[in-house]
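Asks: I'd like to ask you about the structure that follows.
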Amino acid sequence: MPQSAPLSMSSSRRDFLKTSTLAAAGAVCGLSLSRSVHAAGSDVLKVGLIGCGGRGTGAAANALNADPRAKITALADVFPEKVENSLKGLKQGYNERVDVPPERCFTGFDAYQKLLQSGVDVVILAEPPHFRPRHLKAAIEAGKHVFVEKPVAVDAPGVRSVLDTCKLAEQKGLSVVSGLCWRYHNGVRETMKRVLDGAIGDLLAIQETYLTGFLWERPRKPEWTEMEFQMRNWYYFTWLSGDFNVEQHVHSLDKALWAMRDQPPARAWGLGGRQVRTDKKFGDIYDHHAVVYEYANGVRVSAFCRQQGGCYSDVSDIFIGTKGRCNVLKHQIEDLAGNTVWKFQGEGGNMYDLEHQALFAAIRAGKPINNGQYMAYSTMLAILGRMVDYTGKVLTWDEAIQSKQVLAPSDYRFDATPPVVPGPDGSYPIAMPGQTKFV
């Protein structure tokens, strides 16, 4: 099996070395280090990572930054080299705070179960989105606090499972923190507070835009089964990623949901397709989506996302109200004449560290926090967008969240048949609006 690129060479937001200095860990302040409900009263919180790719390793580093008495004690991934590379990278950054002997390095589809039995207190879920409902349920049933990356599911049954699991977490006094990181960014939080307090008046319209270029892909190797190829290229298969409007654009849709006080829309319609990224190596997902979410009070959320090379790029959240306009990522509010009436002047902070600081502070204080409903609703908002684009239909929120479509294989083995199977020419069936049925 090929080795992953060295972690230190990454230049993306997943580059954990940008946020993984011991100085940053020592600079975490305001965390209570008093004994609380964890690890038999020990001040050390044992953290296990499920999903050892770039994002997962970065999240583990963020956890160590967030709490100087946290340790990484177990790693799990389907692929052995992912565990090896993650351990090597974390050791380079943190050394003695990474206590993962070979017997706590778990691989295979059942690795998550072994990790949950290894004595960890906190679990980081950073595996492909398809697996998150199942792994979250297992972690909460095992009594673990959880940080779960976004999105939290790829289909409506998965969303419903997450909602039920998060209710169980509340009952058990366990914290669940979401990787929808903008909810923890200081500048965005201050901006959203003003929007919700009426700074731009009543909301009339929201424009969510996430236009980017091409991403990574891993060329097929002859020794790989079809299941292994899809697992290694999980981003390009709807059953694993949810499509990119779910995996990536969920960040933007989450801000729209936040502005609408975490209430879902009445219905949605849209269009999308696969215009440029057409090679069979790119699985069965689209490369552009445009969705309109209609609320009962007349507000419309217009959501655009695209992954095509050589095109105009933009990532922005624009809210329009009766008194003015807000650019969320610029942390700026304008009046109707376009004059800036407020702009955040403080430090935004490292939101990837801040979300973990919130989790560890809640654990140590014995005051659980639970991001379950909004992380599930934001994920469902993105899934609804995919549904209307794939089918070409208008769908209500209630229809979508009650969907019975399960995107899952019959078995989890590398020699099993994945949910989407290539045709004789090696290409995958692509959703066709007007022909693909809503289930």
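Asks: Only one of Arg189, Arg132, Arg160 is basic (Lys, Arg) and over 24 Å from Val439 (Cα atoms); which?
Replies: Values: Arg132 fails: over 24 Å from Val439 (Cα atoms); Arg160 fails: over 24 Å from Val439 (Cα atoms).
Of the residues listed, the single one that is basic (Lys, Arg) and over 24 Å from Val439 (Cα atoms) is Arg189.
Asks: So Glu228 fits all but one of (1) in a helix (DSSP H, G or I); (2) closer than 30 Å to Val188 by Cα; (3) open to solvent by 10 Å² or more (accessible area, probe 1.4 Å); what number is the exception?
Replies: Failing condition for Glu228: (2).
Asks: Look at Asp254 and say whether it is assigned to a loop (DSSP other than H, G, I, E, B), farther than 21 Å from Pro429 by Cα and either at pLDDT below 95 or open to solvent by less than 60 Å² (accessible area, probe 1.4 Å) (or both). Lay out the reasoning, then the answer.
Replies: Numbers: assigned to a loop (DSSP other than H, G, I, E, B): no; farther than 21 Å from Pro429 by Cα: yes; either at pLDDT below 95 or open to solvent by less than 60 Å² (accessible area, probe 1.4 Å) (or both): yes.
It is false that Asp254 is assigned to a loop (DSSP other than H, G, I, E, B), farther than 21 Å from Pro429 by Cα and either at pLDDT below 95 or open to solvent by less than 60 Å² (accessible area, probe 1.4 Å) (or both).
Asks: List every residue pair whose Cβ atoms lie under 6 Å apart, where the two residues are 6 or more positions apart in sequence or sit on different chains, the first residue falls within region 79-104 and is without any contact (Cβ under 8 Å) to a residue 12 or more places away in the chain, and the second residue, located anywhere, is of a type outside the set (Asp, Glu).
Replies: Note: pairs meeting the criteria are Lys91/Val98.
Asks: Conditions first: (1) surrounded by fewer than 18 Cβ atoms within 10 Å (Cβ to Cβ); (2) at pLDDT 95 or above; (3) not in a strand (DSSP E or B). Leu215 passes all but one, so which condition is the exception?
Replies: With (1) surrounded by fewer than 18 Cβ atoms within 10 Å (Cβ to Cβ); (2) at pLDDT 95 or above; (3) not in a strand (DSSP E or B) applied to Leu215, the lone miss is (2).
Asks: Return the pairs, sorted by first residue and then second, in which the second residue is of a type in the set (D, E, K, R) and open to solvent by less than 10 Å² (accessible area, probe 1.4 Å), the first residue lies in region 178-193 and is touching a residue at least 12 places away in the same chain (Cβ under 8 Å) and in a helix (DSSP H, G or I), the beta carbons are less than 6 Å apart, and the residues are 6+ apart or on different chains.
Replies: Cys181/Glu355; Tyr184/Glu355
Asks: Residue under question is Gly348, and the condition is that it be modelled with pLDDT under 95 and either open to solvent by less than 40 Å² (accessible area, probe 1.4 Å) or within 30 Å of Lys437 (Cα to Cα) (or both); does it hold?
Replies: Numbers: modelled with pLDDT under 95: yes; either open to solvent by less than 40 Å² (accessible area, probe 1.4 Å) or within 30 Å of Lys437 (Cα to Cα) (or both): yes.
The answer is yes for Gly348.
Asks: State all residues of region 111-126 that are touching a residue at least 60 places away in the same chain (Cβ under 8 Å) and either open to solvent by 10 Å² or more (accessible area, probe 1.4 Å) or in a helix (DSSP H, G or I) (or both); if no residue qualifies, say none.
Replies: Step one: of region 111-126, the residues touching a residue at least 60 places away in the same chain (Cβ under 8 Å) are 111-112, 115-116, 118-126.
Result: Ala111, Tyr112, Leu115, Leu116, Ser118, Gly119, Asp121, Ala126.
Asks: Also, I was wondering about something else. Report whether or not Val146 is among the β-branched types (Val, Ile, Thr), touching a Pro at 6+ places or on another chain (Cβ under 6 Å), outside any loop (DSSP other than H, G, I, E, B) and surrounded by 23 or more Cβ atoms within 10 Å (Cβ to Cβ).
Replies: Numbers: among the β-branched types (Val, Ile, Thr): yes; touching a Pro at 6+ places or on another chain (Cβ under 6 Å): no; outside any loop (DSSP other than H, G, I, E, B): yes; surrounded by 23 or more Cβ atoms within 10 Å (Cβ to Cβ): yes.
Here the answer is no, as Val146 does not meet what is asked.
The values are calculated or read from the model by the stated rules, or taken from the named source; none is laboratory data. A quick note: this is a predicted structure, and the numbers were derived from the prediction, not measured. Glycine also receives a Cβ, built like all others from the backbone with ideal geometry; neighbour counts cover every protein chain displayed. All accessible areas refer to the heavy atoms of the entire protein, side chains included, with ligands and DNA or RNA removed. Shrake-Rupley method; radii C 1.70, N 1.55, O 1.52, S 1.80 Å.
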